[in-house]
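Visitor: Dropping the structure in here first, questions after.
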Amino acid sequence: IFANVILADEVNRTPPKTQAALLEAMQEHRVTAAGETFTLEEPFFVLATQNPIEQEGTYPLPEAQLDRFMVRTSFGYPSEDDEWEVLDRRMERRREDQTLRQIVDRDTLRAMQQTVEQVEVDESVGRYCVALAASTRRHQHALMGASPRGALGLLLVARAGAVIAGRDYVTPEDVKAVAEPVLAHRITVKPELWMNRITGASIVDDVLASVPTPAAAESTTPPGERP
């Protein structure tokens, strides 16, 4: 766990005690062992995968634990061209193991994280994040909607999206673009609706269609003077 980036492969195959220990590290950025506490060094974040097919021998993460993950996304199968590229690269390197090339150092990554913190969020856009999360709790198909952590996740991920787009302010479209991966896994669908193909993602789509979109926020920073 004492690394900057942790990949928990098929996290739903780990027993609940291990899951709880991992989530403590994610939330508190520290580890407690034999009564002694160790602080995890920044930057620190966790990626996890789940096997969506096999259920035997798995321990599904409870809703409160899923809520700790800021984003959940599914990649699906690659295109035929991408799949061929996987095969082609494997033949080219002539071995199973891969050699990873460093593309960023720790200081640069920390600077990138601080850049996100400089992105402005208009109150109307922040309240839009709150309204979207709150609407999932009132949706007729939801047994349990997104927690306030979901609204916070919307705001934070939308800020990162604005940076990628080259802006120092967040627009409602930035929020919409990340709403499904940020909110869908935080929503519990009523059990009687599982056979009707109702999902957290479909509930997010309904909420996006029903909650009024605020007027687009504009940057107050003159061109050429962005931080």
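Visitor: Taking the criterion of being open to solvent by 60 Å² or more (accessible area, probe 1.4 Å), in a loop (DSSP other than H, G, I, E, B) and farther than 30 Å from Gly145 by Cα, would at least one residue in the range 6-17 satisfy it?
Guide: No - not one qualifying residue is present in the range 6-17.
Visitor: Which of the residues that make up the range 32-75 are assigned to a loop (DSSP other than H, G, I, E, B), open to solvent by 60 Å² or more (accessible area, probe 1.4 Å) and under 26 Å from Val175 (Cβ atoms)?
Guide: Selection gives Gln50, Arg68, Met70, Val71, Arg72, Thr73, Ser74, Phe75.
Visitor: Would you confirm whether any residue within the range 76-91 is in contact with a Ser or Thr (Cβ under 6 Å, 6 or more places away or on another chain) and either among the hydrophobic types (A, V, I, L, M, F, W, C) or open to solvent by 50 Å² or more (accessible area, probe 1.4 Å) (or both)? Reasoning before the result, please.
Guide: Residues of the range 76-91 that are in contact with a Ser or Thr (Cβ under 6 Å, 6 or more places away or on another chain), as a first pass: none.
Taking every residue of the range 76-91 in turn, none turns out to be in contact with a Ser or Thr (Cβ under 6 Å, 6 or more places away or on another chain) and either among the hydrophobic types (A, V, I, L, M, F, W, C) or open to solvent by 50 Å² or more (accessible area, probe 1.4 Å) (or both).
Visitor: If you go through the range 123-135 one residue at a time, do you hit one that is modelled with pLDDT of 95 or more, farther than 16 Å from Ala201 by Cβ and in contact with a Ser or Thr (Cβ under 8 Å, 6 or more places away or on another chain)? Before you say what the answer is, go through the steps one by one.
Guide: Let us first name the residues in the range 123-135 that are modelled with pLDDT of 95 or more, namely 123-135.
Still in the list and also farther than 16 Å from Ala201 by Cβ: 123-131, 134.
If we keep only those that are in contact with a Ser or Thr (Cβ under 8 Å, 6 or more places away or on another chain) too, we end up with 125, 128.
Yes.
Visitor: I'd like the full set of residues that are surrounded by 15 or more Cβ atoms within 10 Å (Cβ to Cβ) and either in contact with a strand residue (DSSP E or B) (Cβ under 6 Å, 6 or more places away or on another chain) or modelled with pLDDT under 90 (or both), limited to the range 189-202. Give the steps one after another, and end with the answer.
Guide: Within the range 189-202, the first condition is being surrounded by 15 or more Cβ atoms within 10 Å (Cβ to Cβ), and the residues that meet it are 189, 193, 198-202.
Within the range 189-202, Leu193, Ile198 qualify.
Visitor: Of all the residues that make up the range 124-147, how many are in a helix (DSSP H, G or I) and out of contact with any strand residue (DSSP E or B) (no Cβ under 8 Å at 6 or more places or on another chain)?
Guide: Adding up the residues that qualify gives 13.
Visitor: Could you say which residue among Ala162, Ala217, Ala209, Ala177 is open to solvent by less than 20 Å² (accessible area, probe 1.4 Å) and modelled with pLDDT of 95 or more?
Guide: The conditions single out Ala162.
The values are calculated or read from the model by the stated rules, or taken from the named source; none is laboratory data. All figures in this text were calculated on a predicted structure; none of them were measured in a lab. Neighbour counts are summed over all protein chains in view; Cβ atoms, including those assigned to glycine, are modelled from backbone coordinates with ideal geometry. What goes into the accessible areas is simple: the full protein's heavy atoms, side chains included, and nothing from ligands, DNA or RNA. Shrake-Rupley method; radii C 1.70, N 1.55, O 1.52, S 1.80 Å.
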